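Everything on this sheet refers to the single structure shown next.
Just so it is clear, none of the values below were taken in a lab; they were calculated from the coordinates. Every value quoted in this text rests on a predicted model; they were computed, and no experiment measured them.
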């Protein structure tokens, strides 16, 4: 993916997450922390962690694609063949 594609993906992800978060203000069943429903709360907090994780990887990949081979050599980024 190019840096532009990564940026658009991260923007879309953040926009969708923000929309869901905002809808929870008006609709209690969409809130991330649900009183008396630990299972749903745990699942929604896992969703939050997933968004954080994907966002972090996306930012790292964007930075690494800009930095190129030198950043890989310095150990700041993994080479494109490694799983992140």
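Remarks
- Cα gyration tensor shape of the stretch 9-67, rounded if a/c is under 1.5, else prolate or oblate by comparing a/b with b/c: oblate
- Fully extending the segment from residue 5 to residue 47 would add 12.9 nm, taking 0.36 nm per residue of separation and subtracting the current Cα-Cα distance.
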